[in-house]
1. Restricting attention to segment 151-194, which residues are among the β-branched types (Val, Ile, Thr), over 30 Å from residue 138 (Cα atoms) and touching a Lys or Arg at 6+ places or on another chain (Cβ under 8 Å)?
2. Residue by residue through segment 38-67, note down the ones that are of a type outside the set (A, V, I, L, M, F, W, C), within 30 Å of the chain's Cα centre (by Cα) and surrounded by 12 or more Cβ atoms within 10 Å (Cβ to Cβ).
3. Here are some residues: 122, 194, 113. Which one is at pLDDT 85 or above, closer than 22 Å to residue 267 by Cβ and surrounded by fewer than 16 Cβ atoms within 10 Å (Cβ to Cβ)?
4. Of all residues being open to solvent by 50 Å² or more (accessible area, probe 1.4 Å) and aliphatic (A, V, I, L, M) in segment 24-37, which is farthest from the chain's Cα centre (by Cα)? Just the residue, please.
5. For segment 8-23, what are the residues that are touching a helix residue (DSSP H, G or I) at 6+ places or on another chain (Cβ under 8 Å) and open to solvent by 50 Å² or more (accessible area, probe 1.4 Å)?
6. Against the condition in contact with a strand residue (DSSP E or B) (Cβ under 7 Å, 6 or more places away or on another chain) and not small (Gly, Ala, Ser), how does residue 131 come out, does it pass?
7. Search segment 239-264 for residues being of a type in the set (A, V, I, L, M) and under 20 Å from residue 212 (Cβ atoms), and hand back the single one that is surrounded by the most Cβ atoms within 10 Å (Cβ to Cβ).
Amino acid sequence: MIEMKDIEYVKAIHEHSTLTKAAESLFITQPSLSMYIKNMEERLGYHLFQRVGKRLVLNYAGEEFVKYGNDILTMRDELEMTMQTIKDKNYGRIRIGIPLIRGSYLMPPVLPEYEKLYPRVEVQLVEETATILEDRIMNGDCDIIIINASNENANLTYDKIGTEEILVAVPHDHPAVATAVENPDSKYPKIDLEELKDDRFIISTNDTKISREMDKLFSQEHFHPARTIKTNNIQTAVNLTIRGYGVSLVYENHYRNLNLKHDNAPKLFSFSSPSSKSDVIIAYRKGMPLPKYMEDFIELAKKFFSTALQFN
């Protein structure tokens with residue numbers, strides 16, 4: 001018979017590839033984990049791993065084991081949350097997935113207020129890219145994720161908390177700054193992409209939404225940047241723009257919360273009509289019974305996001 005611990009231990013080895021790192025994540029010793037896996041495979045009657053160098057890699061049986069095992073762990077978590085809610089509405093755990101830069105300015109004002117409401121709820125932050133967070137919530141590693149909406153996942157429930165504009169950041173002394181015109185669809189003036197045709201575009205690989213918007217825009221405008229460079233750090237992209245190294249695309253709220261004080265801070269412009277915008281959402285697994293403390297976190301987050309940030 002397969003035990004819950006079997007799934008947890010196999011999943012840990014799969015995620016960490018080595019027994020040593022997996023054992024550390026499980027807070028047991030490496031020999032104990034090795035012996036457990038040996039006894040487990042003897043008990044089950046089949047092997048789940050093959051050794052490749054120093055790494056343990058799932059074989060076909062192991063892949064199926066983890067695939068269905070993730071579903072079982074997710075169902076277990078949902079059952080535990082339901083039972084915990086029935087037992088005590090003011091005690092539990094909430095795992096919040098959020099991209100690193102957005103978490104840096106959204107979580108500090110929200111979490112202290114949330115702790116006043118639920119001092120006994122354990123909060124865990126999972127800081128990854130939006131794409132990884134969507135995978136992690138489906139694997140049961142997050143309860144709630146706060147991201148920019150991408151392609152809608154039928155297995156998630158989406159709660160929109162606002163809309164923000166995607167802008168192009170241009171060096172403050174760029175000749176194109178003088179050519180900008182009013183955009184009635186945006187509070188920012190519009191700049192013609194042709195004015196930037198000889199510039200290097202700094203492309204964020206950390207946010208697939210912005211990357212897709214850039215690809216879509218270039219296709220619509222039949223525009224091909226002369227040069228590109230990729231980075232997964234929005235701070236790096238903006239700092240490169242400050243130094244005149246190129247132009248970059250940024251979310252308005254990300255940029256504002258970088259707290260740039262330089263006289264040579266980049267100028268922000270819209271770059272399309274209608275302006276390019278992105279919904280900011282809170283998402284959780286469809287059909288998942290939300291404990292009261294999770295519902296209240298969502299409401300608190302929505303209240304803060306809609307008032308403290310300058311959403312369009």
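1. Taking segment 151-194 first, the residues among the β-branched types (Val, Ile, Thr) are 157, 161, 163, 166, 168, 170, 177, 179, 181, 191.
Narrowing further to those that are over 30 Å from residue 138 (Cα atoms): 168, 170, 177, 179, 181, 191.
Of everything in segment 151-194, those that are among the β-branched types (Val, Ile, Thr), over 30 Å from residue 138 (Cα atoms) and touching a Lys or Arg at 6+ places or on another chain (Cβ under 8 Å) turn out to be 170, 177, 181.
2. Going through segment 38-67, the residues of a type outside the set (A, V, I, L, M, F, W, C) turn out to be 38-39, 41-43, 45-47, 50-51, 53-55, 59-60, 62-64, 67.
Pick out the ones that are also within 30 Å of the chain's Cα centre (by Cα) and you get 55, 59-60, 62-64, 67.
The answer is 55, 59, 62, 63, 64.
3. On the way: 122 fails: closer than 22 Å to residue 267 by Cβ; 113 fails: closer than 22 Å to residue 267 by Cβ.
It is 194.
4. 35
5. Quick first cut of segment 8-23, residues touching a helix residue (DSSP H, G or I) at 6+ places or on another chain (Cβ under 8 Å) only: 8-16, 19-20, 22-23.
Result: 8, 14, 15, 16, 20.
6. Details: in contact with a strand residue (DSSP E or B) (Cβ under 7 Å, 6 or more places away or on another chain): no; not small (Gly, Ala, Ser): yes.
In short, no.
7. The initial filter retains those residues of segment 239-264 that are of a type in the set (A, V, I, L, M), namely 240, 242, 247, 249-250, 258, 260.
Of the ones still in play, those that are also under 20 Å from residue 212 (Cβ atoms) are 247, 249-250.
Details: 247: 27, 249: 23, 250: 24.
It comes out as 247.
Quick grid of which residues meet (1) closer than 29 Å to residue 100 by Cα; (2) more than 15 Å from the chain's Cα centre (by Cα); (3) among the polar types (S, T, N, Q):
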| position | (1), (2), (3) |
| --- | --- |
| 147 | yes, no, no |
| 158 | yes, no, no |
| 166 | yes, yes, no |
| 170 | yes, yes, no |
| 192 | no, yes, no |
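The values are calculated or read from the model by the stated rules, or taken from the named source; none is laboratory data. Fair warning: this is a prediction, and the values are worked out from it, not measured in the lab. Note that we place each Cβ from the backbone using ideal geometry, even for glycine, and neighbour counts take in every protein chain shown. These area figures cover heavy atoms from the full protein model, side chains too; ligands, DNA and RNA do not enter into them. Shrake-Rupley method; radii C 1.70, N 1.55, O 1.52, S 1.80 Å.
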